[in-house]
Amino acid sequence: MSLQFVVDGLITGSMIGLGAIGVTLTYSILRFSNFAHGDFMAWGTYATLSIIGAITAMFGRVAPIAPLSFGWPLIVALVAGMALTALLALLLDKVLFSRLRKQEQAIIVVMGSFGASMALRSLLEFIFTSRPTYFSRAIQIAMPVGFGVRITPDQIALLLLTAVLVLGVHLLTTRTQTGRSMQAMSQNPALARITGIDVASVVRVTWVIGAALACVAGVMIGVLVQIRPLMGFDMLLPMFAAAILGGIGSIPGAVLGGLIIGLAEAGAVQLIGAEWRAAVSFIILMAVLIVRPIGLFGVRER
Amino acid sequence: MIDLVGYGAFFLTTALIFSLITLGLNLQWGLTGLFNVGLAGFVAIGAYTSALLTTPDDPARLGGFGLPILIGWLGAMFVGGVAAALTGIATLRLRSDYLAITTFGVAVVVQLVALNAQKLTGGPFGIGFIPRPFGDLAETPLLFNLSNLAIVSAVTLAAYLALEHLTRSPWGRVLKALREDERAAISLGKSARFYRVQAFAVGGAIMALAGALQAHFIGFIAPDNYLSILTFQVWVMLIVGGSGSNAGAVAGSVLVWAIWAGSGALTSVLFAPEQQARAASLQIVAIGVMLCVILLVRPNGLFGQRPGQVRFGKKAKVIAGESGS
C-alpha cells in the first residue's frame, strides 16, 4: 500500500473539515442539522466560477501564478464568492429558517432545510445544467516528496489555506467577544439571552462563518476535482459524520473529524475500490453513534 | 375514451403506491415524530428483496428464487422492517437529528449497494423480468391496468384500515402520548425507545411493501428509481396532506402526484426536447418551494390536526366546551 493515500486523505479531509465547521456551528448554535449546507458549497463554487468568468471578460485571460493552476482572478473571485454565499445563507435565514425556528420545533427547521436543499440544488441544475465543469483544464505535474508520495502545488496551497482558515476561525471563536457570545449561545441559549447577548448578531455571524467556509471547501473541490451541482449534496454525509465524530459544537473536532474521514476514505479507495467510498462515512457515523455519541470533543447535552 | 380510462388507472395505481409509502411515513413522523429522510432506501430494500425472491433464476447474479409474488411481498416487509428496526435501535436513544442523519446515510448506502453489488442487485442496469400479477393480461392494456389498480387499491386499503385501527388502539395512544409529552408517558411506565423502534420498524415495513408493489407493477427496477428525489416527493405528499392523518396522507399523495404528473406533462409540451432536463429541475425547485411555503404558512397541512385542538372523542369536546364558556 502506497503512502499516497495520506496526501489524498488530507486533501479530502480538509474539504470535509471546512464544511463540517459550518455544520457543527449551525447545529450547536441554531440547534438544527442543516441539510442545505452542502448546497451552500455548490452555490459558492458556481458563484466563484461566474465571477471568474466576469473578470476574464473584463481583463482578458490572466496568466496563472507560476506553479499554480490559477491566477489572481480565482483569489479575488473566491473572496467575493464567500461574501455571496454568506449573503445567500443570511437571505435563506431571513425568509425561511428564522420563521421556522419560531415554531419551536427543531425538526420542522430540519425539514425546511431539506426542502431548501432540494430547491437550491435543482436551481443550480437549471441554471448551469448538470454537466461537470472546471476552473482550469490545465494538468499539473505532481512533485515527488519522498516515500513514493506526490503532491501538486495546488494541493499544497489549498492545504495551507485550510490551516490558516481553521486557525483563524478557532481564534475568532475562543479569543474574541463575538466568539464567547457564540459559545454562550450554544451552551445555554436562555441564559445567554438574559445576560444581554445580541442573539441576532450571533446568528448572523454563525451563518457568515459557516457559509464562507463552505464556499472555500467547494472551490477546493472545484480546483482539485470538478464542479457539479451535486458536489455539495454528495459531501453532506461525510460532513455530518465529521461534525458528529468531532463532537457537536467543537471546531477543532470538526476539522479533526474531517481529516479522519478523509484518511479513512482514501485508505478504503486503495484497499477495496473507489466505488465504496461513500460507505466509509456511514460506517464511521454508526460506530460513533453506538460507541460514543458525544464524539471526540463533545460535551454531554444538558 | 378507453385510453383515458387506462391512463387514469395507471395514474391512480402510481398515486396509491405513493400513498402507501406516505402512510408508512405518517406512522413514523405523523404519529411518532420520527424523522426519516432516507425513506427511498427502505423502499429500495423492499423492491430489491421482492425482486430477488420472485424472479426466475439468473446465472449473472445471486438468486432469482422464483418464489410466488406473495412470498416476495412478505419478504420485503420483513427485511424492510428489520432494517428500520436496526436503524432505530442504533439512534433512537439520541437526539432526533441523529436519526435524520442516519436515515440519510441508510439511503446513501442502499443506493451504493444497488449500484455496486452487481452479484446481488444487477448493478446500474437493475433487475428485469420481475413477475407481474396478471402478467398474462398484458396484451389487453386496459384490463391489465385495471387489475393492477384493483390489487394496489386493495393493499393500500388494507394498510389504511390496519393503520387506522392501530392509531386508535392502546398502542397508537402510547405513540401519540410519547409525541405530545414524552416525560408524562415515561412516568406512566411506557418505554419510549421500545415503542418508537416498533413504530419505526412497522413504518419501514410498509415502505418496503410499497417498493415491492411498484417493482411488480413495473416489472423492472434500477438504482435510479430510489434517489433522494423520491424521499422528497413523499415528504411533500405527507406535509401537504397533513401529518398525523392517514386520510390526509392518501389525499396528499394523490394531489401532489397529480400536480407532479400534470406539471411534467406541461413541461414536455412547452419545452423543446433538449431543454427537458432543465425544465424537470425547475419542477423540483417549484415543489421544494411549495414544501417550504406550506411549512411556513400551514404547518399542519390540509387535513392535519391543529395544535392545541387535539380531539379525543366526545368527552374532550365537552370539556373543551365547558372551559370555553
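Structure above, values below:
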read-out: The stretch A:25-37 residues that are within 14 Å of A:Gln187 (Cα to Cα) and within 12 Å of chain B (Cβ to nearest Cβ), paired with ones that are charged (D, E, K, R) and surrounded by fewer than 24 Cβ atoms within 10 Å (Cβ to Cβ) (beta carbon under 6 Å, 6 or more apart); value: none
read-out: Selection count, the stretch A:97-123, where residues are charged (D, E, K, R) and within 7 Å of another protein chain (Cβ to nearest Cβ); value: 1
read-out: Residue match in the stretch B:97-109 (condition: part of a helix (DSSP H, G or I) and under 19 Å from B:Leu213 (Cβ atoms)); value: no
read-out: Helices (runs of 4 or more DSSP H) wholly inside the stretch A:66-129 containing at least 2 residues that are out of contact with any helix residue (DSSP H, G or I) (no Cβ under 6 Å at 6 or more places or on another chain) and of a type outside the set (Lys, Arg); value: A:72-92, A:106-128
read-out: Selection status of A:Arg137, touching a Lys or Arg at 6+ places or on another chain (Cβ under 9 Å), more than 7 Å from chain B (Cβ to nearest Cβ) and charged (D, E, K, R); value: no
read-out: Any hit, the stretch A:168-176, residues being assigned to a helix (DSSP H, G or I), of a type in the set (Gly, Ala, Ser) and either away from every other protein chain (no Cβ under 14 Å) or surrounded by 12 or more Cβ atoms within 10 Å (Cβ to Cβ) (or both); value: yes
read-out: Where a residue in the stretch A:44-73 is touching a residue at least 60 places away in the same chain (Cβ under 8 Å) and closer than 24 Å to A:Ile209 by Cα and its partner, wherever it lies, is part of a helix (DSSP H, G or I) and of a type in the set (S, T, N, Q), with Cβ under 8 Å and at least six apart; value: A:Gly44/A:Thr85; A:Ala47/A:Thr85
read-out: Residue, nearest to the other protein chains (Cβ to nearest Cβ), within the stretch B:91-107, restricted to residues that are among the β-branched types (Val, Ile, Thr) and under 17 Å from the mean Cα position of the chain (by Cα); value: B:Val106
read-out: Residue match in the stretch B:262-275 (condition: in a loop (DSSP other than H, G, I, E, B) and either away from chain A (no Cβ under 12 Å) or acidic (Asp, Glu) (or both)); value: yes
read-out: Residue, modelled with the lowest pLDDT, within the stretch B:252-263, restricted to residues that are surrounded by 14 or more Cβ atoms within 10 Å (Cβ to Cβ) and over 19 Å from B:Val297 (Cα atoms); value: B:Ser263
read-out: Yes/no for B:Leu112 being in a helix (DSSP H, G or I) and at the interface with chain A (Cβ under 8 Å from one of its Cβ atoms); value: yes
read-out: Given (1) under 23 Å from B:Ala44 (Cβ atoms); (2) more than 21 Å from the chain's Cα centre (by Cα); (3) of a type in the set (S, T, N, Q), number of the condition B:Gln111 does not satisfy; value: (2)
read-out: Residue within the stretch B:123-146 that is under 17 Å from the mean Cα position of the chain (by Cα), surrounded by fewer than 17 Cβ atoms within 10 Å (Cβ to Cβ) and among the hydroxyl-bearing types (Ser, Thr, Tyr) present; value: no
read-out: Condition met for B:Lys176 (of a type in the set (Lys, Arg) and either surrounded by 24 or more Cβ atoms within 10 Å (Cβ to Cβ) or not in a helix (DSSP H, G or I) (or both)); value: no
read-out: Some residue of the stretch B:49-57 being away from chain A (no Cβ under 14 Å), touching a Ser or Thr at 6+ places or on another chain (Cβ under 7 Å), modelled with pLDDT under 85 and surrounded by fewer than 20 Cβ atoms within 10 Å (Cβ to Cβ); value: no
read-out: Residue satisfying condition, being in contact (Cβ under 8 Å) with a residue 40 or more places away in the chain and among the basic types (Lys, Arg), within set B:Arg179, B:Arg173; value: B:Arg179
read-out: Lone unmet requirement of (1) closer than 22 Å to A:Trp207 by Cα; (2) of a type in the set (Ser, Thr, Tyr); (3) within 14 Å of chain B (Cβ to nearest Cβ) for A:Thr129; value: (1)
read-out: The stretch A:212-242, subset among the small types (Gly, Ala, Ser) and in contact (Cβ under 8 Å) with a residue 60 or more places away in the chain, residue surrounded by the most Cβ atoms within 10 Å (Cβ to Cβ); value: A:Ala214
read-out: Selection from the stretch B:283-297 of residues that are surrounded by 18 or more Cβ atoms within 10 Å (Cβ to Cβ) and either among the charged types (D, E, K, R) or facing chain A (nearest Cβ under 7 Å) (or both); value: B:Ile284, B:Val285, B:Gly288, B:Leu291, B:Cys292, B:Leu295
read-out: Single condition B:Leu25 does not satisfy, out of (1) under 22 Å from A:Phe282 (Cα atoms); (2) within 14 Å of another protein chain (Cβ to nearest Cβ); (3) assigned to a helix (DSSP H, G or I); value: (1)
read-out: Test: A:Ala42 is within 29 Å of A:Arg99 (Cβ to Cβ) and in contact with a Pro (Cβ under 7 Å, 6 or more places away or on another chain); value: yes
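Here is a yes/no grid of residues against (1) in contact with a Gly (Cβ under 9 Å, 6 or more places away or on another chain); (2) of a type outside the set (Gly, Ala, Ser); (3) modelled with pLDDT under 80; (4) under 23 Å from B:Thr32 (Cα atoms):
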position: B:Ile239; (1), (2), (3), (4): yes, yes, no, yes
position: B:Val250; (1), (2), (3), (4): yes, yes, no, yes
position: B:Val269; (1), (2), (3), (4): no, yes, no, no
position: B:Ala277; (1), (2), (3), (4): no, no, yes, no
position: B:Gln283; (1), (2), (3), (4): yes, yes, no, no
position: B:Ala286; (1), (2), (3), (4): no, no, no, no
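The values are calculated or read from the model by the stated rules, or taken from the named source; none is laboratory data. No experiment lies behind these values; they were computed from the predicted model shown. Virtual Cβ from ideal backbone geometry, glycine too; neighbours counted across all protein chains shown.
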